[in-house]
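Computed from the coordinates by the stated procedures, all read-outs in this text should not be read as laboratory data. Bear in mind the structure is a predicted one, so any value in this text is a computation, not a measurement. Here the Cβ is made from the backbone with ideal geometry for all residues, glycine too, and neighbour counts use every protein chain on show.
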Amino acid sequence: MLSLTTEVLVIGGGATGAGVAWDASLRGLGVILVDRLDLAEGTSGRFHGLLHSGGRYVVKDAPAARECIAENRILRRVAADCIEDTGGLFVTTPWDDPAYADRFAAACRETGVDCEEITVAQARRDEPRLHPEISRAFRVPDANMDIWKTVWAMAHGAQQCGARILPYHEVTAIRRDGDRVTGARVRDVRAGEDLTIEAQVTVNASGAWAGQIAAMAGIDGVRVFPGRGIMIAMNHRLVNTVINRCQMPTDGDILVPIRTVSVIGTTDVHTDDPDDHTVLESEVDRMLDDGEKLVPGFRQARALRVWTGVRPLFEDAKAAGTDTRDVTRAHALLDHRQRDGVEGFVTITGGKVTTFRLMAEETVDAVCDLLGRDTPGSTAEQPLPGSESGANYRLGERLARKDERLRQEQTICECELVPRSRLEHALAETGSRNLDDIRRRLRLGMGPCQGGFCIYRTVGIMHAAGGIDAASADASLLDFLQERWKGVWPILYGDQLRQMRFDEWVFQGVLDVGHLPEAPA
Amino acid sequence: MSDLFEIELLRGTLDHCVKCTICETACPVSNASPLFPGPKYAGPQSERYRVSDEAAVDASVDYCSGCGICSQVCPQGVKIAEINAQARHRLKRQRGIPLRDRIITRPTWLGRAGTPVAPLANWTLGFRPLRVLAERTLGVHRDAPAPRFAGRRFSRWARAHTSPAAPRKVIYFHGCGTEYYEPWEGERVVAVLEHNGFEVVVPEQDCCGLPLQSSGLFEDARRSVRRLAHSLASQLADERTIIVGNATSCTLMLKREAREILGLEDDPELRRVAERTYDICELLLELHQRGELRTDFRPIPERIAYHAPCQQQGHWIGKPALELLSLIPELEVREMHARCCGIAGTYGLKAEKYEIAMAVGRSLFEQVEASGAAEVACDSETCRWQITHGTHLPSVHPIDYLYRAYGLDHG
Ligand SMILES: Cc1cc2nc3c(=O)[nH]c(=O)nc-3n(C[C@H](O)[C@H](O)[C@H](O)COP(=O)(O)OP(=O)(O)OC[C@H]3O[C@@H](n4cnc5c(N)ncnc54)[C@H](O)[C@@H]3O)c2cc1C
């Protein structure tokens with residue numbers, strides 16, 4: 001069995017795990033990161049897209065608000081290229097307690113979250129689709145964050161420092177030697193092989209799965225309650241500013257414009273299984289009703305896709321009742337030497353994407369402690385690869401690039417404007433022959449037609465690039481269609497229903513994908 | 001409701017796009033030139049990347065001629081041409097409007113300046129060295145079809161003319177083409193209407209703002225169309241009074257485009273005007289369908305071609321001119337099946353677009369030539385000038401044949 005050795009093994013390639021790998025690499029530690037799937041395919045890749053200003057938490061959870069605004073300021077700098085500075089609004093709709101607005105404004109002042117009240121007329125000039133009966137409006141520095149860009153930038157940055165990033169490597173067992181965790185046994189899912197990774201410190205950054213991984217190390221009481229939430233992406237930007245209801249945080253109260261879509265969310269339903277992605281009709285209805293309260297006509301607008309994510313809500317069974325913050329959405333860093341007398345093992349869970357950098361920094365501080373090092377972290381100053389210029393990304397970037405090379409290059413994905421060269425580059429760079437991996441890199445197939453026009457093109461190009469036979473290419477086409485379908489059927493009405501009928505004609509009628517040659521057994 | 005909100009709703013129609021590409025196959029411009037990436041691309045697709053207060057990044061949308069065919073053929077109801085017009089407007093607002101566009105989009109200025117000195121102005125427009133100069137300095141193509149100033153104004157004639165009092169009244173909206181370049185067309189419209197028992201009123205009027213709008217100068221266009229709507233609306237006290245026009249793109253502007261593209265959906269005067277406005281052939285055909293059109297037509301033993309302009313198609317009234325012309329004995333009318341003559345108002349005048357406009361029109365010109373027609377009937381003046389430019393055949397409004405068939409040309 002192949003065996004690898006490293007100083008730090010990071011389990012989980014979400015925002016937190018990638019952040020840990022990046023932070024540790026910058027401090028000169030040797031790092032291997034594994035994820036059972038592709039990077040950011042867990043909760044991070046399924047989040048709402050909001051880089052919180054902290055406004056959401058000012059009244060309910062002041063420490064969380066302070067953390068958010070501090071991290072928001074840092075990330076705007078170091079992850080500039082992954083962030084679009086949309087700004088945010090908190091608006092009092094007719095369904096919100098009017099008294100909350102004053103409490104909100106006061107709490108913003110107390111927590112240092114920048115907040116400026118503007119007139120309703122101004123708010124409606126900025127966002128013409130906003131509900132006409134809003135009574136108050138406050139501007140805050142919310143933004144959106146492209147999680148895939150962020151996680152990949154951190155992974156690349158870490159790789160440049162020598163880290164090994166291993167997606168599709170699932171931890172199947174934690175190796176223990178007496179009181180010490182010494183690494184993990186890992187299955188390379190694509191190759192179907194097992195390997196062992198020996199590490200001086202193992203970081204459990206597996207989010208909602210953290211309890212499972214801790215249990216593998218024989219540690220109990222790490223209870224992570226997966227809280228499932230749904231989000232619906234609308235086909236275009238109904239708003240260009242993040243819109244929050246000015247009320248105590250609840251379901252369906254945020255509309256986030258991100259990339260080409262706007263996303264309404266979310267819910268919080270407790271589930272036992274972090275891999276539970278059920279979408280209930282009632283939840284979809286609830287979201288659409290909530291959307292209507294922010295933007296009248298929401299139900300007539302086109303819904304593109306629905307998906308769910310599971311929050312890692314942590315409760316420490318060992319400390320239950322002693323610290324209420326342990327059952328909030330704040331993050332939890334567990335040094336198992338102190339907590340359980342187990343050396344070489346740290347768990348980081350809970351939190352938010354917005355605070356991932358801080359979580360990673362605290363985690364690597366603890367790792368350094370275990371290793372007896374005291375190199376300080378530098379992620380608050382060191383920009384991510386691609387963010388050196390400090391310029392935020394803009395929605396129009398792809399259109400601008402395309403317009404400059406209008407006649408030079410074939411467009412593969414028309415909705416998300418992916419040119420052929422970028423597809424070929426991604427195929428070469430990742431070596432992946434999995435359409436879904438390519439989708440996450442390029443946003444290919446994520447637009448209105450959900451792959452209707454680009455996926456058959458992509459499969460052909462992928463096959464021509466080599467490394468996959470025709471039958472497997474066909475199979476991956478079918479898998480992709482199946483995967484997209486899952487996110488579409490719960491919102492099959494109106495325009496998206498028409499689109500799917502059209503796609504069906506293309507794939508079933510014209511291409512007859514139901515009768516492609518079978519892969520040899 | 002605000003203009004901004006209206007514009008948001010218009011954008012929102014992009015949601016209906018299923019990417020079927022019918023608009024791209026029908027677009028005359030993208031099929032003739034690679035400089036315009038096509039209506040689906042520039043419209044519903046690119047619109048998802050546009051943020052109102054951010055810099056416009058896609059200069060290629062300026063190559064859309066605004067003919068509106070895409071919106072007409074879209075089976076899903078996407079307002080493609082209108083979305084593109086918005087994008088063009090934003091581009092112009094941010095990058096500045098060329099002097100040329102400020103000039104050629106103001107038929108009133110041009111007309112007032114050219115009319116008193118018509119012989120000189122016409123000579124200038126035909127004088128090659130000056131045209132070359134104009135191309136270099138202004139960007140108006142040296143070969144682009146320029147109408148000739150008539151040297152007299154239709155409104156002058158109208159003031160001197162007394163329409164016999166009749167129970168049914170129409171307000172005649174003649175447009176700038178009739179006013180400065182083809183006043184005789186207006187005289188014929190009036191004669192045909194009076195022959196059918198209408199009293200024709202010609203109120204003070206000015207440009208509808210369409211050229212401004214299609215070049216992206218929205219603020220000026222709004223001012224123009226509001227002024228015109230105000231003047232026309234003041235005549236509409238009697239519930240039965242209607243407005244009729246022979247400049248088909250300008251009547252479309254009043255009926256629909258100004259409200260949709262300029263976000264004036266809620267302007268009450270414009271709405272009233274829009275509800276009562278008819279294209280001349282639309283009105284006459286409706287009369288005929290009610291059995292009220294006089295049919296004392298004399299034969300016209302000629303063969304003509306008929307081209308329905310894109311803007312006429314935008315009225316969603318079919319091709320009433322064809323049906324009217326078929327009432328005239330012995331007149332042989334060949335319907336052309338090309339989509340667009342290329343000119344699209346002022347598009348084909350622009351130096352960088354002239355070749356595209358001619359390429360767009362080629363199919364029509366070839367069909368006209370193949371038809372053996374001696375003359376081309378067409379409802380829009382700029383299209384007529386382009387057709388004459390492309391075929392060297394005279395081109396007139398369909399109303400001319402009715403005028404002749406009624407024998408009105410012999411007094
Ligand atoms: C619906 C919803 C909306 C949200 N919206 C926002 C928002 O707008 N803004 C915000 O700041 N936060 C938001 N959050 C919170 C945020 O998404 C999460 O807190 C954050 O993504 C957690 O990141 P993570 O890296 O810790 O976990 P994850 O991203 O889940 O990473 C854990 C990784 O561990 C991997 N893993 C699991 N088991 C194994 C194994 N056996 N071997 C190897 N790898 C394994 C998983 O595949 C996964 O990739 C939202 C959460 C939800 C649920």
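Over the range A:196-268, the fraction of Cα-Cα pairs per 5 Å bin, rounded to whole percents and listed from the shortest bin up, is 3, 14, 15, 13, 11, 11, 11, 10, 8, 3, 0. Which of rounded, prolate or oblate describes the range B:3-95 when judged by the alpha-carbon gyration tensor and an a/c cut-off of 1.5? Oblate is the answer for the range B:3-95, as a/c is 1.5 or above yet b/c matches or exceeds a/b. Peptides B:300-313, A:283-296 ordered by packing proxy, namely the average of other Cβ atoms within 10 Å per residue, highest first: B:300-313, A:283-296.
Extension gain for B:S33 to B:R227 (0.36 nm times residue separation, less C-alpha to C-alpha distance): 66.1 nm.
Taking amide H as placed 1.01 Å from N in the peptide plane, A:L89 has its amide H under 5 Å from the amide H of A:V140, A:V242, A:I243, A:N244, each at least 5 places away in sequence or on another chain. Measuring between their Cα centroids, the range B:1-79 and the range A:168-247 lie 44 Å from each other.
Just so you know, the Cα atoms of the range B:264-411 work out to an Rg and Dmax of 16.6, 49 Å. Taking label points 7 Å from Cα along the Cα-to-Cβ direction, A:I118 and A:D85 give a separation of 1.4 nm. Dipole of the range B:3-95 computed with +1 at Lys/Arg Cβ and -1 at Asp/Glu Cβ about the Cα centre; of B:C74, B:S46, B:P28, farthest Cα towards the positive end is B:P28.
Shown in residue order for the range A:417-434 are the 3J(HN,Hα) couplings computed by the Karplus curve 6.51 cos²θ - 1.76 cosθ + 1.60 at θ = phi - 60°: 6, 9, x, 4, 4, 6, 5, 5, 5, 5, 5, 6, 5, 8, x, 6, 10, 10 Hz (x for Gly and Pro).
Shielding by partners for peptide A:232-243, expressed as the average number of C-beta atoms from other protein chains within 10 Å of each residue's C-beta, is 3. Amide H contacts of B:Y406: B:R298, each under 5 Å away and 5 or more positions distant or on a separate chain (H built 1.01 Å from N in the peptide plane; Pro and chain starts excluded). Take the Cα of A:L2, step 7 Å toward its Cβ, do the same at A:E504, and the gap between the two points is 4.4 nm.
Counting, for every residue in A:399-410, the Cβ atoms of other protein chains within 10 Å of its Cβ and taking the mean gives 4.
Computed over chain B, the convex hull of the alpha-carbon atoms projects to a mean area of 19.5 nm². Only Cα sites of the range B:50-116 enter the Debye sum here, all with the same form factor; the resulting log10 I(q)/I(0) across q = 0.15, 0.19 1/Å is -0.63, -0.85, listed in q order.
Computed from phi, the 3J(HN,Hα) profile of the range A:440-446 under the Karplus parametrisation 6.51, -1.76, 1.60 (θ = phi - 60°) reads 5, 5, 10, 6, 5, x, 9 Hz, with x in place of Gly and Pro. Here's how it looks for A:D194: its modeled amide H is under 5 Å from those of A:D188, which are all 5 or more places away or on a different chain. Taking the alpha carbon gyration tensor of chain A, multiplying each eigenvalue by 5 and rooting it gives semi-axes of 34, 32, 21 Å, largest first. Sorting the segments A:93-106, A:200-213, B:173-186 by their residues' average number of neighbouring beta-carbon atoms within 10 angstrom, most packed first, yields A:200-213, B:173-186, A:93-106. Taking 7 Å steps out from each Cα toward its Cβ at B:R95 and A:R299 produces label points 4.3 nm apart. Computed from the C-beta positions of A:S282 and A:L497 and an R0 of 22 Å, the FRET efficiency is 0.65 to the nearest 0.05.
Taking 16 Å as the cut-off, the amide N atoms of the range A:168-207 that come nearer than this to a point 7 Å along the Cα-to-beta-carbon line of A:D369 belong to A:201-204. Working note: 222 nm ellipticity from helices only, DSSP H runs with n ≥ 4, each -39,500 (n - 2.57), summed and divided by the residues of the protein assembly as shown, gives -11500 deg cm²/dmol to the nearest 500.
Computed over the alpha-carbon pairs of the range A:397-515, the distance histogram in 5 Å steps reads 2, 11, 22, 23, 20, 13, 8, 2, 0 percent, short to long.
Here the dipole of chain A is about 1120 debye; that uses its Cα centre as origin and unit charges on the Cβ of Lys and Arg (positive) and Asp and Glu (negative). Listed here are the pairs A:K352/A:K486; A:K486/B:K19; A:K149/B:K40; B:K255/B:K350; B:K79/B:K319; A:K352/B:K79; which of them are more than 31 Å apart at the Cα? Over 31 Å Cα-Cα: A:K352/B:K79. Charge dipole (Cα centre; +1 on Lys/Arg Cβ, -1 on Asp/Glu Cβ; no other charges) of the protein assembly as shown amounts to roughly 2840 debye.
A Gaussian network model of chain B, with springs between Cα atoms under 10 Å, assigns the largest mean-square fluctuation among B:Q45, B:Q289, B:Q205 to B:Q289. When the charge dipole of the protein assembly as shown is built from unit charges on Cβ atoms (+1 for Lys and Arg, -1 for Asp and Glu) and taken about the Cα centre, the candidate among A:T93, B:W157, A:N392 whose Cα reaches farthest toward its positive end is B:W157.
What the Kirkwood sum gives for the protein assembly as shown is a hydrodynamic radius of 31.3 Å, with every pair of different alpha carbons counted.
Please report Rg over Rh for the range B:329-411, where both radii come from the alpha carbon positions and Rh follows the Kirkwood definition. Using only Cα positions, Rg/Rh for the range B:329-411 is 1.03.
Among A:A158, A:T411, A:T16, which residue has its Cα furthest toward the positive end of the charge dipole of chain A, with +1 on Lys/Arg Cβ and -1 on Asp/Glu Cβ? So the residue furthest toward the plus end is A:T411. In order along the range B:214-231, the Karplus-derived 3J(HN,Hα) couplings, from 6.51 cos²θ - 1.76 cosθ + 1.60 at θ = phi - 60°, round to 6, 9, x, 8, 5, 4, 5, 4, 4, 4, 4, 6, 5, 5, 5, 4, 4, 5 Hz, and Gly and Pro are given as x. Take each residue in B:18-27, count the other chain C-beta atoms within 10 Å of its C-beta, and the mean is 3.
For the range B:87-239, the Cα-based Rg and Dmax, in that order, read 18.0, 55 Å. Counting only Cβ charges, +1 for Lys and Arg and -1 for Asp and Glu, the dipole size of the range B:295-410 around its Cα centre is about 300 debye.
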